[in-house]
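Q: First the structure, then my questions, so here it is.
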Amino acid sequence: MKGMAAVPLTTGRDYAALEQQLEQRLGRLYARQRLGIEDDFETRIFRHGTNLFHIENWFSLHSVIRTALKLSGLYWRGQRNTARIKVRHNHVGLRGLPSAFDGFTLLHLSDLHVDMNPAAMHRLVELLHEIDYDICVLTGDYRGKTHGPIEETLDGMAQIRTHLKDEVYAVLGNHDTIRMVPGLEDMGIRLLLNESASIERGGAGIHLVGIDDAHYFRVDNIEKAASDIHHEDISILLSHTPEIFRQAAYADFDLLLAGHTHGGQICLPGGIPVTLDSILPRHMGSGTWRYHRMAGYTSTGVGSSVVPVRFNCPPEITLHHLHPAAG
């Protein structure tokens, strides 16, 4: 990638060694469960099981969409749109936020799909040198496909990582395999897989919580992830999909950051999505929203999926600025 330094990356990891690493990192039961679910799903895809009809796995449909757009003359315009990334600012008022965190800023990147969006990744790197933030959070979908090799994805993520300052926290999405975890963590990205981390500033702290994919693999566990957090503490949940909003709100999270929907990616004029590929109220498909006392934000994502085009729905990176709220 132009403008990115080459980063050495170990490829061709021995499967047994990788499995052992995952068992040490996640525990034997969870590692084997997650790997088994992934292998079952991949088998269904190639043997024409139920998951074949998930739009991201229905490969003939991808070709139909791509061909139709090319015949209409819209394909190349849509492809150019994928590099027109917007920098959005979201100011979030949180009751009980310690004063030390007033103005604390999270850079939110989602749905990079690095191996199928080179133009967007080039533009992302340019923008990363123009913005200021305290920590970076990634809400999943680093791979273009939902199956197959991971080396190209890890290589792309390693190159992006060189342009991100510490600290970086992440969750996995429905395109991501658990086999990516050692590689991502080796490059300084801390995965939160039904886990939490404490962020401290000026003698005060808030909690960052991440759940594993709740959309496709359905291996999320909010109860486990939040087990060490007092209900009065400020807590921010990272989830690939916003579909978990009800569970998150009733678990007393103050803010939910998610992606997955791409805002629709191909939208009608006015940003009206044709589909969100989610069981979700439409107003939660992109941007800010609220459910009871919990604030939420759904990123339209940096990359594109299925077909690398965008219409009436620009890609984005988001800066969430935290502030104490009255009351």
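Q: Could you tell me whether any residue of the stretch 170-191 is among the hydroxyl-bearing types (Ser, Thr, Tyr) and touching a strand residue (DSSP E or B) at 6+ places or on another chain (Cβ under 7 Å)?
A: no
Q: Of the residues 293, 282, which is within 25 Å of residue 146 (Cβ to Cβ), surrounded by fewer than 19 Cβ atoms within 10 Å (Cβ to Cβ) and charged (D, E, K, R)?
A: Values: 293 fails: within 25 Å of residue 146 (Cβ to Cβ).
None of the others qualify; the one that does is 282.
Q: Answer yes if at least one residue in the stretch 94-106 is assigned to a loop (DSSP other than H, G, I, E, B) and either on the phi > 0 side of the Ramachandran plot or among the small types (Gly, Ala, Ser) (or both), and no otherwise. Working first, answer last.
A: First, pick out the residues of the stretch 94-106 that are assigned to a loop (DSSP other than H, G, I, E, B): 96-98, 102-104.
With the extra rule that they be either on the phi > 0 side of the Ramachandran plot or among the small types (Gly, Ala, Ser) (or both), the set shrinks to 96, 103.
So far as the stretch 94-106 goes, yes, one or more of its residues are assigned to a loop (DSSP other than H, G, I, E, B) and either on the phi > 0 side of the Ramachandran plot or among the small types (Gly, Ala, Ser) (or both).
Q: Return a yes/no flag: does the stretch 169-192 have any residue that is in a helix (DSSP H, G or I), touching a helix residue (DSSP H, G or I) at 6+ places or on another chain (Cβ under 6 Å), among the aliphatic types (A, V, I, L, M) and touching a residue at least 24 places away in the same chain (Cβ under 8 Å).
A: yes
Q: Can you find a residue in the stretch 188-204 that is among the charged types (D, E, K, R) and closer than 28 Å to residue 307 by Cα? Let's see the steps before the verdict.
A: Here is the first cut: in the stretch 188-204, the ones among the charged types (D, E, K, R) are 190, 195, 200-201.
Still in the running and closer than 28 Å to residue 307 by Cα: none.
There is no residue in the stretch 188-204 that is among the charged types (D, E, K, R) and closer than 28 Å to residue 307 by Cα.
Q: Taking the options 203, 270, 188, 264, name whichever one is more than 30 Å from residue 78 (Cα to Cα), modelled with pLDDT under 95 and of a type outside the set (A, V, I, L, M). So that I can check it myself, show each step before the final result.
A: Details: 270 fails: more than 30 Å from residue 78 (Cα to Cα); 188 fails: modelled with pLDDT under 95; 264 fails: more than 30 Å from residue 78 (Cα to Cα).
When all the criteria are applied, what remains is 203.
Q: Out of 198, 227, I need the residue that is more than 18 Å from the chain's Cα centre (by Cα), over 23 Å from residue 23 (Cβ atoms), of a type outside the set (A, V, I, L, M) and surrounded by fewer than 18 Cβ atoms within 10 Å (Cβ to Cβ). Which one? Show your work before the answer.
A: Values: 227 fails: over 23 Å from residue 23 (Cβ atoms).
When all the criteria are applied, what remains is 198.
Q: Moving to a separate point now. Here are 237, 124: which of them is in contact with a strand residue (DSSP E or B) (Cβ under 8 Å, 6 or more places away or on another chain), part of a helix (DSSP H, G or I) and either modelled with pLDDT of 95 or more or within 23 Å of residue 295 (Cβ to Cβ) (or both)? Working first, answer last.
A: Values: 237 fails: part of a helix (DSSP H, G or I).
One residue alone meets the criteria, 124.
The values are calculated or read from the model by the stated rules, or taken from the named source; none is laboratory data. As the structure is a prediction and not an experimental result, all values here were calculated from the model. Reconstructed Cβ throughout: ideal geometry from the backbone, glycine too, with neighbour counts over all protein chains shown.
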